[in-house]
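Right, one structure below, let's go through it.
The values are calculated or read from the model by the stated rules, or taken from the named source; none is laboratory data. Given the structure is predicted, the values throughout are model-derived calculations rather than measurements. Here Cβ is always computed from backbone atoms with ideal geometry, including for glycine, and neighbour counts include all displayed protein chains.
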Amino acid sequence: MIDIKKDFLKKQDIKKLNDLVLSNLFEWFIQGVYDDNDTHRQFVHIFYKNDKPSSYHFTVIRPLLDKLNIKRLIRVKLNLLTKTPEIIEHDYHQDTESSNALTSILYLNTNNGYTRFKDQNVKSEENTLITFPSATFHSGTTCTDQDFRLVLNVVYEAF
């Protein structure tokens with residue numbers, strides 16, 4: 001059900017992506033993430049939505065998109081969750097209810113945060129891609145051992 005691929009992008013492609021998103025030239029927006037107790041804030045950048053690119057930086061994710069079997073792109077969103085004293089597990093959600101859609105998550109840094117599923121957790125390891133049906137309930141977490149957890153979420157229909 002969950003496909004895990006390590007070393008997914010070429011080293012120069014992951015470096016270029018990280019260099020850009022961690023530069024002072026990159027735009028971040030604050031969004032709430034809800035959990036059982038409260039709202040945790042995260043920074044987000046939407047690369048693609050409403051059937052078109054929504055970021056001037058869309059081309060930096062092209063190496064990732066070119067390696068996926070995309071028939072129709074639905075959404076591409078980058079999440080930056082800041083370090084917390086204890087790991088916060090956010091509520092389960094579905095990226096879409098469509099049975100035809102897939103979600104691929106690319107971890108941009110290694111940390112002790114993870115993606116939760118009902119029956120397993122997948123740790124954040126730089127340049128690892130996980131793919132699963134978008135209707136699968138899952139959630140993210142914060143981390144405690146790095147300044148932030150950085151994940152790129154791609155939702156699409158595959159060929």
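Across region 29-54, what is the number of residues that are under 16 Å from the mean Cα position of the chain (by Cα) and either at pLDDT 95 or above or not β-branched (Val, Ile, Thr) (or both)? Reasoning before the result, please.
Initial filter on region 29-54 (under 16 Å from the mean Cα position of the chain (by Cα)): 29-33, 41-49.
Of the ones still in play, those that are also either at pLDDT 95 or above or not β-branched (Val, Ile, Thr) (or both) are 29, 31-32, 41-49.
Final tally of qualifying residues: 12.
Considering each of Asp13, Asp66 in turn, give the residue that is surrounded by 15 or more Cβ atoms within 10 Å (Cβ to Cβ) and either assigned to a helix (DSSP H, G or I) or modelled with pLDDT under 95 (or both). Break it down into steps so the answer makes sense when it comes.
Working: Asp66 fails: surrounded by 15 or more Cβ atoms within 10 Å (Cβ to Cβ).
Criteria check complete, one pass: Asp13.
Take the residues of region 137-158 that are outside any strand (DSSP E or B) and over 13 Å from the mean Cα position of the chain (by Cα): which is surrounded by the most Cβ atoms within 10 Å (Cβ to Cβ)? Even if it seems obvious, please write down each step before you answer.
Restricting attention to region 137-158, the residues satisfying the condition of being outside any strand (DSSP E or B) are 137, 140, 142-147.
Within this subset, residues satisfying the condition of being over 13 Å from the mean Cα position of the chain (by Cα) are 137, 143-147.
Working: Phe137: 12, Cys143: 23, Thr144: 15, Asp145: 11, Gln146: 15, Asp147: 11.
My answer is Cys143.
Can you tell me which residue is farthest from Lys11 (Cα to Cα) among those in region 115-136 that are outside any loop (DSSP other than H, G, I, E, B) and in contact with a Gly (Cβ under 8 Å, 6 or more places away or on another chain)? It would help to see each step written out before you state the result.
First pass over region 115-136, keeping only residues outside any loop (DSSP other than H, G, I, E, B): 115-117, 121-123, 129-133.
Still in the running and in contact with a Gly (Cβ under 8 Å, 6 or more places away or on another chain): 115-116, 123.
Details: Thr115: 23, Arg116: 26, Lys123: 20 Å.
So, considering only residues that are outside any loop (DSSP other than H, G, I, E, B) and in contact with a Gly (Cβ under 8 Å, 6 or more places away or on another chain), the one farthest from Lys11 (Cα to Cα) is Arg116.
Every residue in region 44-54 that is more than 20 Å from Gln12 (Cβ to Cβ) and crowded, with 18+ Cβ neighbours inside 10 Å, please.
If the condition is that a residue be more than 20 Å from Gln12 (Cβ to Cβ) and crowded, with 18+ Cβ neighbours inside 10 Å, then His45, Tyr48 are the ones that fit.
Could you say which residue among Ser98, Ser124, Ser134 is among the hydroxyl-bearing types (Ser, Thr, Tyr) and under 11 Å from the mean Cα position of the chain (by Cα)? Let's see the steps before the verdict.
Numbers: Ser98 fails: under 11 Å from the mean Cα position of the chain (by Cα); Ser134 fails: under 11 Å from the mean Cα position of the chain (by Cα).
Only one candidate qualifies: Ser124.
Identify, from the list Asp145, Asp119, the residue that is among the acidic types (Asp, Glu) and under 18 Å from Ile2 (Cβ atoms). Outline the logic, then answer.
Working: Asp145 fails: under 18 Å from Ile2 (Cβ atoms).
After ruling out the rest, the residue left standing is Asp119.
Might you let me know whether region 75-91 holds any residue that is in contact with a strand residue (DSSP E or B) (Cβ under 7 Å, 6 or more places away or on another chain), touching a residue at least 40 places away in the same chain (Cβ under 8 Å) and of a type in the set (Ser, Thr, Tyr)?
At the first step, the residues of region 75-91 found to be in contact with a strand residue (DSSP E or B) (Cβ under 7 Å, 6 or more places away or on another chain) are 75-83, 87-91.
Next, only the ones that are touching a residue at least 40 places away in the same chain (Cβ under 8 Å) stay: 75-83, 87-91.
In the following step, the residues that additionally are of a type in the set (Ser, Thr, Tyr) were identified as 82.
Yes: region 75-91 contains one or more residues that are in contact with a strand residue (DSSP E or B) (Cβ under 7 Å, 6 or more places away or on another chain), touching a residue at least 40 places away in the same chain (Cβ under 8 Å) and of a type in the set (Ser, Thr, Tyr).
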